[in-house]
Amino acid sequence: KIFEGYAFDALDATLADTAAKFPIGKQGFKDMIEGMRMDLYKSRYQNFEELKEYCYRVAGTVGLMTTPVMGISKDSTMSDTEVLNSAVALGIALQLTNILRDVGEDAQQRDRIYLPLDELAEFGLTEADILSGKVDDRWRDFMKFQIKRAREYFAIAKNGIASLDPSVRWAVWGAGMVYGE
């Protein structure tokens, strides 16, 4: 009902007002909620496609929801779809970075492994290695591979950031730079 202008409380009113003023769709919100629900029933990801879906849902959706509010520059050479895809890529890059930063905490405190299990196996690693916090050359090689992937998503995002409205571009670029380094 919020997207139809009906509000039940102050938070609803704020979102209803935003939805009325900007072309944001419902799907990003629905996908984000599903991403949060995934944490209730899923603690392992068999492959990168599964992990990418999670990253899209919990972080890529933020780009879908905020880009219409921030605005796209009138000088952009990218289509709106391309800019939105770049925004999703930034969310995925940021979430992958969070995952790589928090591997030990997620594994040891929450029994969660947000890493593709098939790729762990390719590098000769097991769930037990992750849960125990074992660091060796296999782990370092695996992490280099994962960092490279995150940087590829940051590179995709960079093009879209340049197409955002100039008044917000630098804040988004700064966040991407802090995480991307």
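The values are calculated or read from the model by the stated rules, or taken from the named source; none is laboratory data. Keep in mind that what you see is a predicted model, and the values were worked out from it rather than measured. Heads up, the Cβs are rebuilt from the backbone with ideal geometry, glycines too, and the neighbour counts pull from every protein chain shown. All accessible areas refer to the heavy atoms of the entire protein, side chains included, with ligands and DNA or RNA removed. Shrake-Rupley method; radii C 1.70, N 1.55, O 1.52, S 1.80 Å.
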Members of the stretch 153-178 that are touching a Lys or Arg at 6+ places or on another chain (Cβ under 9 Å), open to solvent by 30 Å² or more (accessible area, probe 1.4 Å) and not acidic (Asp, Glu): Ala162, Trp173
The listed residue being at pLDDT 95 or above and over 30 Å from Thr126 (Cβ atoms), out of Ala59, Ala87: Ala87
Out of Ile156, Ile147, sole residue that is outside any loop (DSSP other than H, G, I, E, B) and at pLDDT below 95: Ile156
Residue selected from the stretch 118-152 under the condition of a type in the set (Gly, Ala, Ser) and open to solvent by 60 Å² or more (accessible area, probe 1.4 Å), by the criterion nearest to Thr66 (Cα to Cα): Ala121
